Amino acid sequence: MKVQFSKMHGLGNDYVYVNCLEQRIKHPNELSKLVSDRHFGIGSDGLVLIYPSDKADFEMRMFNADSSEGNMCGNAIRCVGKYVFDNKLTDKTELDIDTKSGIKHLHLIVEDGKACSAEVKMGDAVLRARSIPVETDYEEFISQPMVVHGETFLVTCVSMGNPHAVIFCQDVDNMPLNIIGPLFENHEIFPERINTEFVQLIDRNTIKMRVWERGSGETFACGTGACASVAAAVLNDHCDLGSEVTVRLKGGDLKITYLENHSVLMKGPATHVFDGIIEI
């Protein structure tokens, strides 16, 4: 079977995108593991499938590099918007995309007839610990100590449709994510595993972040992780409610605003790399 695909990325967080309006994928988990391999496949952080929807303009499903299905990806949803607009599947610049964590609204920014970036209404940050989920007796898990790899970290947990643990540190560049990341991801208090963000404060409107994503390892960017990090920064009084915060990632910058009603806005680019056909 031959599968047509597009390789796209949001700040280096790269996925293989397949138009499932025109072709059927029987085993997306297996396909994600195949295409994600950077030596024997196409090379990506995972797979994104675009479907028709009876509740929104389109539906998006995303799978991690280890074949597990995720609920939401902030970088990928911007690329979905670019894909459907640039490929003339819609002429709308205001789009609703259905995901496993609910319907998200996109406003596409178009230049020279192509979508180049998007503002996304990411929904509400979930702070109730059991809903994230975190196995704890605390109602909210904000700046709580955890001992990992013999070191005590203060951890704030937030769900943006998928679970995040945010840790503020002095020197994010020298954090050994390849060691610490898997220990957080698979910690017993996170029954569905967790994405972990290590965040350095630059000023009240700027933070620097590295991320260990469950099922993918360290990635160049994580949109939901950036949203969770800004929410955590506001909750810990490092940033201001309602102010746009620049999140510096390995792949570039995202603009995130955490609002009074716990909703989060994300602004960032979407980039097409190439199209191709893979035989499976």
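The values are calculated or read from the model by the stated rules, or taken from the named source; none is laboratory data. Note that the coordinates shown come from a computational prediction; the quantities given were computed from them, not determined experimentally. Cβ atoms come from the backbone with ideal geometry, glycine included; neighbour counts cover every protein chain shown. Heavy atoms of the whole protein, side chains included, go into the accessibility calculation; ligands, DNA and RNA do not. Shrake-Rupley method; radii C 1.70, N 1.55, O 1.52, S 1.80 Å.
If we scan region 12-25, do we find a residue that is open to solvent by less than 60 Å² (accessible area, probe 1.4 Å), within 20 Å of Pro163 (Cα to Cα), without any contact (Cβ under 8 Å) to a residue 60 or more places away in the chain and among the aliphatic types (A, V, I, L, M)? Looking for residues that are open to solvent by less than 60 Å² (accessible area, probe 1.4 Å), within 20 Å of Pro163 (Cα to Cα), without any contact (Cβ under 8 Å) to a residue 60 or more places away in the chain and among the aliphatic types (A, V, I, L, M), one finds none in region 12-25, hence no.
Looking at region 230-251, is at least one residue touching a His at 6+ places or on another chain (Cβ under 6 Å), in contact (Cβ under 8 Å) with a residue 40 or more places away in the chain and not basic (Lys, Arg)?
Just the residues of region 230-251 that are touching a His at 6+ places or on another chain (Cβ under 6 Å), to begin with: none.
No: zero hits.
Return a yes/no flag: does region 251-264 have any residue that is charged (D, E, K, R) and part of a strand (DSSP E or B). Yes, because at least one residue in region 251-264 is charged (D, E, K, R) and part of a strand (DSSP E or B).
In a residue-by-residue description of region 254-263, the property of being closer than 24 Å to Gly70 by Cα, more than 13 Å from the chain's Cα centre (by Cα), crowded, with 17+ Cβ neighbours inside 10 Å and touching a residue at least 60 places away in the same chain (Cβ under 8 Å) applies to at least one position.
From the list His164, His238, His272, which residue is in contact with a strand residue (DSSP E or B) (Cβ under 7 Å, 6 or more places away or on another chain) and either buried (at least 22 other Cβ atoms within 10 Å of the Cβ) or among the aromatic types (Phe, Trp, Tyr) (or both)?
On the way: His238 fails: either buried (at least 22 other Cβ atoms within 10 Å of the Cβ) or among the aromatic types (Phe, Trp, Tyr) (or both); His272 fails: either buried (at least 22 other Cβ atoms within 10 Å of the Cβ) or among the aromatic types (Phe, Trp, Tyr) (or both).
Just one listed residue meets the conditions, His164.
For region 127-157, filtered to residues that are in contact (Cβ under 8 Å) with a residue 60 or more places away in the chain and farther than 17 Å from Glu188 by Cα, the residue that is least open to solvent (accessible area, probe 1.4 Å) is Leu127. Number of residues in region 56-111 that are within 24 Å of Ser32 (Cβ to Cβ), out of contact with any helix residue (DSSP H, G or I) (no Cβ under 8 Å at 6 or more places or on another chain) and open to solvent by 40 Å² or more (accessible area, probe 1.4 Å): the value is 5.
Listed by position, the strands (runs of 3 or more DSSP E) enclosed by region 179-220 include none that has at least 1 residues that are crowded, with 17+ Cβ neighbours inside 10 Å and free of Cβ contacts under 8 Å to residues at least 12 places away in the same chain.
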